[in-house]
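Have a look at the structure below before the remarks.
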Amino acid sequence: MQYFDKGSRGLIYINPEREYIIKIGKENKILNEAKWLKKLNSYNIGPKLIKTDKDYIIIEYINGKKILDYFQEADKEQILVIIRDILLQCRILDKLKINKLEMHHPLKHIIINNKNKPMMIDFERCYFTKRTKNITQFCQFLTSNKVRKIFLKKELIFNKYEIIKRIKIYKNKQNESNFLKLLSMLCQ
């Protein structure tokens, strides 16, 4: 195993073939991430959980680009496909009453793999809640100045104020109808 990265809650090693990583950290964070990956893998969310122990987890290595890097290189149509896929994953999390966190600033938490599939990573801070924020936080990210500057270059223009209104409606009533209206506003 080779040293790969230092996370905020532990160390990450990668195997020489770059097929999987081992995250070593505090027992409660490792067990929490393993619990959520077991659940979410059945919905095709997150890297595949391979093995877990109280001190470490082994998970699939996601090779790809961080979301902002991808947005800078992709064309408008590719970006819209990625946004749609992420919003659909966020909707699953919201329906399951799981809050991932970091979705308002997912710079290191969403990797677009080599098959152009967005993969959420780092689930150690997930928790159950009645009031989820995955979609609302991700929409905050999409309407942030940093992202809007990239989108303007791609001629991808969202009406920030209309999106904020639609987010508030979804936040107050997280049903399928409100989600689909928000989705169509962002991915037409």
Checklist outcome for this item: The number of residues in segment 13-59 that are open to solvent by 90 Å² or more (accessible area, probe 1.4 Å), of a type outside the set (S, T, N, Q) and not in a helix (DSSP H, G or I) is 9
Item to check | Residue tally, condition closer than 16 Å to E33 by Cβ and open to solvent by 20 Å² or more (accessible area, probe 1.4 Å), over segment 76-95 | outcome: 0
Item to check | Selected residue (criterion: least open to solvent (accessible area, probe 1.4 Å)) from residues of segment 128-156 that are of a type in the set (A, V, I, L, M, F, W, C) and without any contact (Cβ under 8 Å) to a residue 40 or more places away in the chain | outcome: F141
Next on the checklist: Going by what's in this entry, would N178 be described as in a helix (DSSP H, G or I) and over 19 Å from K39 (Cβ atoms)?
Outcome noted: yes
Item to check | The one condition in (1) touching a Phe, Trp or Tyr at 6+ places or on another chain (Cβ under 7 Å); (2) on the phi > 0 side of the Ramachandran plot that W36 fails to fulfil | outcome: (2)
Item to check | Test result for K130, more than 17 Å from D5 (Cβ to Cβ), at pLDDT below 95 and in a loop (DSSP other than H, G, I, E, B) | outcome: yes
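Condition check ((1) assigned to a loop (DSSP other than H, G, I, E, B); (2) touching a strand residue (DSSP E or B) at 6+ places or on another chain (Cβ under 7 Å); (3) within 24 Å of G46 (Cα to Cα)) across all residues:
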position: I135; (1), (2), (3): no, no, yes
position: F138; (1), (2), (3): no, no, yes
position: L156; (1), (2), (3): yes, no, no
position: E162; (1), (2), (3): no, no, no
Checklist entry - Would it be correct to say that N114 is open to solvent by 50 Å² or more (accessible area, probe 1.4 Å) and under 18 Å from L68 (Cβ atoms)? => result yes
Next on the checklist: I need a count of the residues in segment 1-12 that are surrounded by fewer than 16 Cβ atoms within 10 Å (Cβ to Cβ) and assigned to a strand (DSSP E or B).
Outcome noted: 6
Checklist entry - Would you say R125 is surrounded by 15 or more Cβ atoms within 10 Å (Cβ to Cβ), basic (K, R) and assigned to a helix (DSSP H, G or I)? => result no
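Would you point out the residue of segment 96-106, among those that are among the hydrophobic types (A, V, I, L, M, F, W, C) and open to solvent by 10 Å² or more (accessible area, probe 1.4 Å), that is nearest to T129 (Cα to Cα)?
Per the stated criteria, the residue is L96.
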Item to check | Filter result for M120 (touching a His at 6+ places or on another chain (Cβ under 8 Å), open to solvent by less than 20 Å² (accessible area, probe 1.4 Å) and modelled with pLDDT under 95) | outcome: no
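The values are calculated or read from the model by the stated rules, or taken from the named source; none is laboratory data. Keep in mind the model is a prediction, meaning the values are calculated, not measured. Note: ideal-geometry Cβ built from the backbone for every residue, glycine included; neighbour counts use all protein chains shown. Heads up: the accessible areas ignore ligands, DNA and RNA and are worked out on the full protein's heavy atoms, side chains in. Shrake-Rupley method; radii C 1.70, N 1.55, O 1.52, S 1.80 Å.
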